[in-house]
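Asker: This is the structure, below, for whatever I ask next.
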Amino acid sequence: MNITTNMNLTTTYLGLKLAHPFMLGASPLTGQLENARRLEDGGCAAIVMHSLFEEQITEMMAGRVSQLEEVQATLGGGFVHFAQPEKFPLGPDEYLEQIRKIKAAVSIPVIGSLNGVGADGWLTHASLIEQAGADALELNVYYLSTGMQDSAVDIEKQIETLVRQLKQRIRIPLAVKLSPYYTAFANLAGRLDAARADGLVLFNRFYQPDVDVETLEVLPNLRLSTSAELLLRLRWLAILSHRVEASLAATGGVHTALDGIKALLSGAHAVQLVSAVLEQGAPHFRRMVEGLRYWMTRHEYDSIEAFRGRLNLEHCPNPAHFERMSYQRILHSWGA
Ligand SMILES: Cc1cc2nc3c(=O)[nH]c(=O)nc-3n(C[C@H](O)[C@H](O)[C@H](O)COP(=O)(O)O)c2cc1C
């Protein structure tokens, strides 16, 4: 088969034009300038920086920061294909400097990342990230509520307020990276959309600590994803696609070109990869793009927009599969 080379692979994510939909998700790879260059050379369409954490800014929760450092340290063996930073640029000033350096070194869009939920103080860093030259900001509301008094309503309101505050502070586009663990996720997504979030990134993965039964210690535990994790993302991309103004990005479980195509068919504007790139190296982006081209040629699509969202809830021939109705059917079909 002749693979068409003049097809249009561009996509618009957060108002930014990307050469194709496959981009790097937030990861420690941006701790080293050399890695950013390798990623661009490998065909990556955009880069999300590692996160600057609220705790690092407020310095009020030093315990959690050191736990984070431990998790990052477990990654030592994960840098087979990349330069490993001697010292991770964790501090707020180093972080801003790193954005400036990466922006100067590559021509693809660079998205800053803030991780937190509290109000005030640390939010000034959103403006500083903008001033450092980031093309957009990703807010990761990575938050595990353990307070017995914290209600779902209060937590969701806090996130919505945070988005409204950030939208007043910055002019660059704002994406919100969310976990799937909300009772009424569509409602929350709709409220963030109404608060003018420019993008929703689905979904955060929570790192689950493990328990060592010999030393009786709780261990930080960071496992890379598998494609099996993608299915939850596909469902929610399909449910939200064409119902929110915000751009949609998939994160979690994208390892192959076919995984990426599934996310696009479900409605994603951009597809973020981390685990696959840590495992396969930067040239994996080029392989993803080749796979996309091959598939588009076979299906006679000449642009991403020609098929993006073709299997969302509105357009797919059997929407019940995304909803509860099919639960009963699938259970009954087990072993048939
Ligand atoms: C080693 C490592 C570090 C990460 N650091 C961050 C981070 O700083 N901020 C963030 O929002 N997500 C972070 N993530 C989550 C990824 O951006 C991504 O959402 C998650 O790994 C799922 O995508 P994947 O299946 O492609 O790995 C990290 C993931 C890994 C594996």
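Asker: Note the count of lysine pairs whose C-alpha atoms are less than 29 angstrom apart in the chain, limited to pairs 8 or more residues apart or on different chains.
Answerer: 16
Asker: While we're looking at this one, here's another question. Can you sort Leu174, Leu24 so the residue with the fewest Cβ neighbours within 10 Å comes first?
Answerer: Neighbour counts put them in this order, fewest first: Leu174, Leu24.
Asker: Could I ask something else about it? Listing Glu130, Glu214, Glu290 from the residue with the fewest other Cβ atoms within 10 Å to the one with the most, what is the order?
Answerer: Ranked by crowding around the Cβ, least crowded first: Glu214, Glu290, Glu130.
Asker: Remind me, what semi-axes does the range 105-231 give for its equivalent ellipsoid, largest first in whole Å, using sqrt of 5 times each Cα gyration tensor eigenvalue?
Answerer: Here the semi-axes work out to 27, 20, 16 Å.
Asker: Sticking with this structure for a sec: With the cut-off at 26 Å, report for the chain the share of all Cα pairs above it, as a whole percent.
Answerer: Cα-Cα pairs of the chain separated by over 26 Å account for 48 percent.
Asker: So which residue, out of Leu178, Leu258, Leu52, gets the largest mean-square fluctuation from a GNM of the chain using Cα contacts under 10 Å as springs?
Answerer: Leu258
Asker: Using a Gaussian network for the chain with springs between C-alpha atoms less than 10 Å apart, which of these wobbles most: Asn221, Asn140, Asn35?
Answerer: Asn221
Asker: Right, something else. Using Cβ counts within 10 Å as a stand-in for footprinting exposure, how do Met7, Met23 rank, fewest first?
Answerer: Met7, Met23
Asker: Next up: P(r) tail for the range 149-299, what percent of Cα pairs lie past 26 Å?
Answerer: 37 percent
Asker: Percent relative contact order of the chain, based on C-alpha pairs within less than 8 angstrom and at least six residues apart?
Answerer: 20 percent
Asker: Okay, helix-only estimate at 222 nm for the chain: each DSSP H run of n ≥ 4 adds -39500 (n - 2.57), divide by all residues, round to 500 deg cm²/dmol; what do you get?
Answerer: That comes out to -11500 deg cm²/dmol.
A short reminder: the numbers here are calculations on the coordinates, not readings from a lab. Remember, it's a predicted structure, so these values are computed and weren't measured experimentally. Reconstructed Cβ throughout: ideal geometry from the backbone, glycine too, with neighbour counts over all protein chains shown.
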